[in-house]
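**Q** I have a structure I would like to understand better, so I am pasting it below and will then ask my questions one at a time.
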Amino acid sequence: MTRRSAQTWAIGFTVAFIYTVAQTFQLAAAIPRVPWLELFLFELPVWCSIVALSPVIFYFAQRLPLLGAHPVRNSIAHLLPAALVLLAMFFLVELSRQFVIYPVVSFLDIAKSREAIEYRDFAQTVSLFHRAMRGFQVYWLFFLFCYYAGVVLHQAVTSYRAMVAAQLHARELETLLARSQLDSLKLQLQPHFLFNTLNTVSSLMSRDVLLARKTLARLSDLLRQSLRDSTRHETQLQSELEFLDAYMEIQQARFGSRLIVARDVDPHSMTALIPRMLLQPLVENSIRHGMRDGGEALVVHIRIARKDDVLRLSVYDNGRGIPADGFEEGLGLTNTRERLDRLYPDQYDLTIHEPPGGGFEVVITIPARDSEEALITEDARDIA
C-alpha cells in the first residue's frame, strides 16, 4: 500500500468515525436508556462498511460515469451494481456486529437497562440473513442515494485531478517554451557582441598592435566570463557589472578619452538578480548611436537604485539623442525587451526617452529579488 492510498483510507475511516459520533447523539436522544457507547459501537460498522466497499463503488463509477455522454443510461445501469453493493454492505454490517461488536459490548458490560440489553441481544434473536435483508428493505433508498453520491464524488475528484494535471502539463510546456525562447535570444546576443568587439580589435590593429593584443587577451577573458554559468538566465548585479567593466575596457581602448563611463550604483542592490548581459547591449547602443564626430567626449552614465521590491536601472548618454525622423529599436533593445517579457511577464517596464538636456536614456524596472547564493551567505554570516 502506497503512502497516498494509506492516507486516503485513513481519511475515509476518520470521516466514518466522525459521522457515527454525530449519529450517536441523535440516537441517544431517541433511545435515552441505551448507553451512548453501545449505540456508537453498533452503528460504527454501518459507515465503516461503506468505506470498505468504496473501491467497488469507485470501480463502477469509472466504468459508468454519470457526468458523461450517456448520464441517463448509466444511471439506470448503476441500479444492479448498487443493489449488489448494498446487499454486501448490510451482510458486512451484520457480520461485524455479530462477531466483533456484540462480544465487545458484552465484555465491557455496558448494557445495564432492559432497553440496552434488548438492543444488544437483538443480534442473537434473529438470524444474520434476516437481519441483513431487513436492513436492506428498510434503508435501501437512503443508502442508494449514498451509493450515487459516492459515484458522483469519485467522478468529481477524478475530473479535478485530470484538470490539475492538464494545467500542470500546460505550465510545463509554457516553461519549456519560454526557456527555449530565452536560449534563442541569448544566442542572438553573444555573436552580436563578439562581432562588434572583433571590429574594435580590427580597428586597433592599424594603430597600436600591442594594445590590440592586450584587447584580444581581454576579449578572451570576457568570453570565458560570458560562458560561465551560461545555462542560467539571471545573475547577480555585481557579476553583471564586472562583465560590463571588462567590456568597457575594450571599448575605451578603441575610443580613448572620447568615451567616459560613470556609475551610480546603490550598494544594497549588488546581490539583486538581473538578466545576464542586460547592461552591455544598452551601453553598446549608447556608444554606437550616441558617439558624435569630433573631439567631444561621450559620457555614458549608469544608475541603479533599489527601492522596496523594485530595481530601477538607467543607462543615459549625452550623445545625439533621438533622431528627428523617429527612432527604431535595433537588435539590442528588441532583444532586451523580449527577454524581460519572458523573464518577468507583466512585472517589468522599459521606457526610452530623450532627457530635457538632450541625449538618450533607457530606463528599466524589474522585481528586486536577491539570489539564493546571497541569501545563504547572509544567513551564514548571521549565524557566525
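**Q** What single numbered condition from (1) assigned to a strand (DSSP E or B); (2) surrounded by fewer than 17 Cβ atoms within 10 Å (Cβ to Cβ) fails to hold for Gly294?
**A** Among (1) assigned to a strand (DSSP E or B); (2) surrounded by fewer than 17 Cβ atoms within 10 Å (Cβ to Cβ), the lone unmet condition for Gly294 is (1).
**Q** Read through the list (1) at pLDDT 80 or above; (2) part of a helix (DSSP H, G or I), then give the number of the only condition that Thr235 fails.
**A** (2)
**Q** For Asp325, only one of the following conditions fails: (1) of a type in the set (D, E, K, R); (2) touching a residue at least 24 places away in the same chain (Cβ under 8 Å); (3) on the phi < 0 side of the Ramachandran plot. What is its number?
**A** Checking Asp325 against (1) of a type in the set (D, E, K, R); (2) touching a residue at least 24 places away in the same chain (Cβ under 8 Å); (3) on the phi < 0 side of the Ramachandran plot, the one that fails is (2).
**Q** For region 109-133, enumerate the residues that are surrounded by 14 or more Cβ atoms within 10 Å (Cβ to Cβ), outside any helix (DSSP H, G or I) and not small (Gly, Ala, Ser).
**A** Ile110, the sole residue that qualifies.
**Q** In region 351-366, what residues are part of a loop (DSSP other than H, G, I, E, B) and of a type in the set (S, T, N, Q)?
**A** Start the filter on region 351-366 by keeping residues that are part of a loop (DSSP other than H, G, I, E, B), which leaves 354-359.
Selection gives nothing.
**Q** Anything in region 345-372 that is within 17 Å of Val300 (Cα to Cα) and in contact with an Asp or Glu (Cβ under 8 Å, 6 or more places away or on another chain)? List them, or say none.
**A** Ile352, His353, Glu354, Pro355, Gly359, Phe360, Glu361, Val363, Ile364
**Q** For region 328-368, give me each residue that is surrounded by 15 or more Cβ atoms within 10 Å (Cβ to Cβ), modelled with pLDDT under 90 and more than 15 Å from Val315 (Cα to Cα).
**A** Passing the criteria: Asn335, Glu338, Arg339, Leu340, Asp341, Arg342, Leu343, Tyr344.
**Q** Under 6 Å between Cβ atoms, at least 6 apart or on separate chains: pull out the pairs that start in region 1-17 with a residue that is closer than 23 Å to Phe42 by Cβ and end on any residue that is β-branched (Val, Ile, Thr) and surrounded by 10 or more Cβ atoms within 10 Å (Cβ to Cβ).
**A** Gly12/Val51; Phe13/Val51; Ala16/Val51
**Q** Right, next: Name the residue, out of Gln251, Gln280, that is closer than 30 Å to Pro345 by Cβ, polar (S, T, N, Q), surrounded by 15 or more Cβ atoms within 10 Å (Cβ to Cβ) and assigned by TED's automatic domain parsing to the domain that holds Leu313.
**A** On the way: Gln251 fails: closer than 30 Å to Pro345 by Cβ.
Residue meeting the stated conditions: Gln280.
**Q** Name the one entry in Val299, Val283 that is β-branched (Val, Ile, Thr) and outside any helix (DSSP H, G or I). If you could, list the steps in order and put the result at the bottom.
**A** Values: Val283 fails: outside any helix (DSSP H, G or I).
The match here is Val299.
**Q** Among the residues of region 299-327 satisfying the criterion of being aliphatic (A, V, I, L, M) and over 29 Å from Glu234 (Cα atoms), which is surrounded by the most Cβ atoms within 10 Å (Cβ to Cβ)?
**A** Looking only at region 299-327, we keep the residues that are aliphatic (A, V, I, L, M), and these are 299-300, 302, 304-305, 310-311, 313, 315, 322, 324.
After this cut, where a residue has to be over 29 Å from Glu234 (Cα atoms) as well, the list is 322, 324.
Values: Ile322: 15, Ala324: 6.
That would be Ile322.
**Q** Between Phe145, Phe136, which is assigned to a helix (DSSP H, G or I), surrounded by 14 or more Cβ atoms within 10 Å (Cβ to Cβ) and modelled with pLDDT of 85 or more? Quick ask: steps written out before the conclusion?
**A** Working: Phe145 fails: surrounded by 14 or more Cβ atoms within 10 Å (Cβ to Cβ).
Just one listed residue meets the conditions, Phe136.
**Q** Can you name the number of the only condition in (1) modelled with pLDDT of 70 or more; (2) outside the structural domain of Leu278 (by TED's automatic domain parsing) that Thr215 fails?
**A** (2)
The values are calculated or read from the model by the stated rules, or taken from the named source; none is laboratory data. Quick caveat, the model's predicted, so the values are computed rather than measured. Here the Cβ is made from the backbone with ideal geometry for all residues, glycine too, and neighbour counts use every protein chain on show.
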